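The values are calculated or read from the model by the stated rules, or taken from the named source; none is laboratory data. As the structure is a computational prediction, the values presented were derived from the model and not from experiment. A quick note on method: Cβ atoms are made from the backbone with ideal geometry, for glycine too, and the neighbour counts reach across all protein chains shown.
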Amino acid sequence: MRDSRAVAPEVAAYLAGLVDGDGYVGILRRRTEKTQSGFVYVCDMEVASVHLDFLDEIQRLIGEGCWTRSNPGFKSKRPLYHLKIGPNTLRWLLPLMIPHFRLKKARAIIVLEHLGTQVKGRHGQSPASESRNWRLREMSQRGRR
């Protein structure tokens, strides 16, 4: 794992702009059989692109992350790649990126707040986890409010 001083401020600004435009930052609710409730809340950040070389370069800048390939779209036969950044990396990366966000700043602050209540290396949940997840879902709704 990298130390937060290893990422330059201009790299953090570049990543924030990239996530603002083509990325996602949020809290995912995942099913599991390991908890009594049957689900856990996991923090996640990802960037999608059809260019794998571009995502490899971003991964080298951060020093962490993994990419997955999804099915091609309806009209395009090109595969879409997703670079995923996990919660342990987000603990040190998000505080560097938050000052540079424009569109997803409020979402990033809620995710960082959630990460502060979780024990490193464990997912878990609390009543506050569910309210944070609902706040993020309300931010993502389309149409009239």
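Numbers below:
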read-out	value
Qualifying positions in the stretch 69-101 - out of contact with any Lys or Arg (no Cβ under 7 Å at 6 or more places or on another chain), surrounded by 14 or more Cβ atoms within 10 Å (Cβ to Cβ) and over 21 Å from Glu113 (Cβ atoms)	Leu80, His82, Leu83
Hits in the stretch 37-86 - residues which are aliphatic (A, V, I, L, M) and within 28 Å of Ile110 (Cα to Cα)	Val40, Val42, Met45, Val47, Ala48, Leu55, Ile58, Leu61, Ile62, Leu80, Leu83, Ile85
Cross-chain or 6+ apart pairs with Cβ under 8 Å, the stretch 76-98 first and part of a strand (DSSP E or B), then basic (Lys, Arg)	Leu80/Arg69; Tyr81/Arg69; His82/Arg69
Among (1) at pLDDT 90 or above; (2) surrounded by fewer than 17 Cβ atoms within 10 Å (Cβ to Cβ), the one test that Arg122 misses	(1)
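Yes/no per residue for (1) in contact with an Asp or Glu (Cβ under 9 Å, 6 or more places away or on another chain); (2) in a helix (DSSP H, G or I); (3) surrounded by fewer than 16 Cβ atoms within 10 Å (Cβ to Cβ); (4) among the aliphatic types (A, V, I, L, M):
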| position | (1), (2), (3), (4) |
| --- | --- |
| Glu10 | no, yes, yes, no |
| Leu15 | no, yes, no, yes |
| Gly21 | no, yes, yes, no |
| Arg30 | no, no, yes, no |
| Glu33 | no, no, yes, no |
| Cys43 | no, no, no, no |
| Asp56 | no, yes, yes, no |
| Ala108 | no, yes, no, yes |
